[in-house]
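Derivation of every value follows stated rules applied to the coordinates shown; laboratory data play no part. Predicted, not measured: the structure shown is a model, and the values here were computed from it. Reconstructed Cβ throughout: ideal geometry from the backbone, glycine too, with neighbour counts over all protein chains shown.
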Amino acid sequence: MAHQSLYRTHRPAAFKEVVGQEQVTKPLEEAAKTKNIGHAYLFAGSRGLGKTSVARIFARAIGCSERDLYEIDAASNNSVEDIRALTEGVYTLPFESPYKVYLLDEAHMLSKSAWNAFLKTLEEPPAHAVFILATTELEKVPETVQSRCQVFEFKKPSRAVLAKMTTAIAKKEGYELAPDAAELIAMLSEGSYRDALSVLQKVLAGANDTKLSRAVVEQATGAPRREQVHALIAALAGGKRGAALAAVERAAESGIDMKLFLELVIEALRAVLLIRYASELRAALEAELGADEFAALEKFAKEQGITHATMLSFLTAADRIRYAPIPALPLELAVLELFPE
């Protein structure tokens, strides 16, 4: 496998390769085709969604070469002097392109005086200048700046989109990623394309085989093992308070991330309830979970211990866990609330 990161190797190079951001790519592609180019764009969204990739694609689409594309990290070039140097250079003609494109990453980091210095240029730029501001914190960009830009908000991808993407890229790298393994990678990446590929890279780096199971992903990432989740689900299904508390304690002692463990438990509880009450979703659930996981959860669904109240208790635990001084405590409380005696 190449030493270059997967995120760089598989960075989209054309609008059609950008996944899940049609609300951004379609208008930009149309603008490039019709030569209806604005002078200022603002790309907003959390990290790892492809803002800079789309900015580069747009720059190429409007005929801007590498020599005429200027990328500035506003996190480290955020003073009024930095912006004055930028705005002075704006007025010189492009080397070989119809446009000079300035990409300001982390634009919200600019100082107040830097924004003031930039505003005049943003209001009356030369015809050949195009500004693309990228930010993870739109609310920190002054309204006066936002009003002078075309604002595009990037969405976090769904877990299904991330799982599909990681499966496709694993295949390009010569690996076969099991559906439940792709689902776990998607969960671990928390809505970021970049993080999904970083997790996949970690998995590939330690792989001994081209077939990648969920267990391989668990081992590579330190994610909670399926057996740990099933131990708690089995105890809840059987109405066994002691066994449920012991399962939580064992999970906590193993050093895993209890927030992620709780998320996996909630996923399993959801599946158990859907298997029991929504027979029309069986085929879709089996495809989503994989045959082995579906069979295991189907067995738990036949017992009566897991109910809507079980789900509500653990959803409450999910609200509490971010503030809990002891990460296992909200799960223990959930068990005790369900089985008070």
Taking the mean number of other Cβ atoms within 10 Å as a proxy for protection, how do you rank 207-214, 330-337 from highest to lowest?
330-337, 207-214
Go ahead and estimate [θ] at 222 nm for the chain from helices alone: -39,500 (n - 2.57) per DSSP H run with n ≥ 4, summed, over the residue count, rounded to 500.
-16500 deg cm²/dmol
For segment 15-54 and segment 225-249, distance of Cα centres in Å:
47 Å
Suppose R0 equals 45 Å. What FRET efficiency, 1/(1 + (r/R0)^6) with r the Cβ-Cβ distance, do ALA215 and GLU81 give to the nearest 0.05?
0.25
How much of the pair distance distribution for segment 154-310 lies past 26 Å, counting alpha-carbon pairs only, in percent?
29 percent
Dipole check, segment 199-293, charges on Cβ (K,R +1; D,E -1), about Cα centroid: among LEU289, ALA271, ALA231 the Cα furthest to the positive pole belongs to ALA231
Reachable lysines from LYS16, Cα under 20 Å, same-chain residues fewer than 8 places away excluded?
LYS26, LYS33, LYS35, LYS51, LYS155, LYS156, LYS164, LYS171, LYS172
Using C-alpha positions alone, give me the convex hull volume of segment 159-221 per residue in cubic angstrom.
63 Å³
Share of antiparallel DSSP beta bridges in the chain, in percent to the nearest 5?
0 percent
Can you tell me how much longer the chain between LYS155 and LEU329 gets when fully stretched, taken as 0.36 nm per residue apart minus their C-alpha distance, in nm with one decimal?
59.3 nm
What FRET efficiency comes out for ALA14 versus ARG241 if R0 is 56 angstrom and r is the Cβ-Cβ distance? Round to the nearest 0.05.
0.50
With the Cα gyration tensor of the chain in hand, give its eigenvalues times 5 under a square root as the equivalent ellipsoid semi-axes, listed largest first in whole angstrom.
48, 23, 17
Using the Cα centre as the reference, give the magnitude of the dipole from point charges on the C-beta atoms of segment 226-338 (Lys, Arg: +1; Asp, Glu: -1; all else neutral), rounded to the nearest 20 debye.
280 debye
With point charges of +1 on the Cβ of Lys and Arg and -1 on the Cβ of Asp and Glu, referenced to the Cα centre of the chain, which listed residue (PRO327, GLY242, VAL19) lies farthest in the positive direction of the dipole?
VAL19
At a threshold of 8 angstrom on Cα-Cα distance, excluding pairs fewer than six apart, so keeping six or more, what relative contact order does segment 21-153 reach in percent?
38 percent
Rounded Å value of the spacing that divides the Cα centres of segment 107-167 and segment 89-103:
19 Å
If the cut-off is 16 Å between C-alpha atoms, which lysines fall inside it for LYS112, apart from same-chain ones fewer than 8 positions away?
LYS120, LYS140
Segments 40-51, 301-312 sorted - mean Cβ within 10 Å per residue, highest first:
40-51, 301-312
Decide, for segment 21-153, between rounded, prolate and oblate: order the square roots of the alpha carbon gyration tensor eigenvalues as a ≥ b ≥ c, take rounded if a/c falls under 1.5, and otherwise choose prolate if a/b is larger than b/c, else oblate.
oblate
Lys, Arg +1 and Asp, Glu -1 on Cβ, resulting dipole of the chain about Cα centre, debye, nearest 20:
440 debye
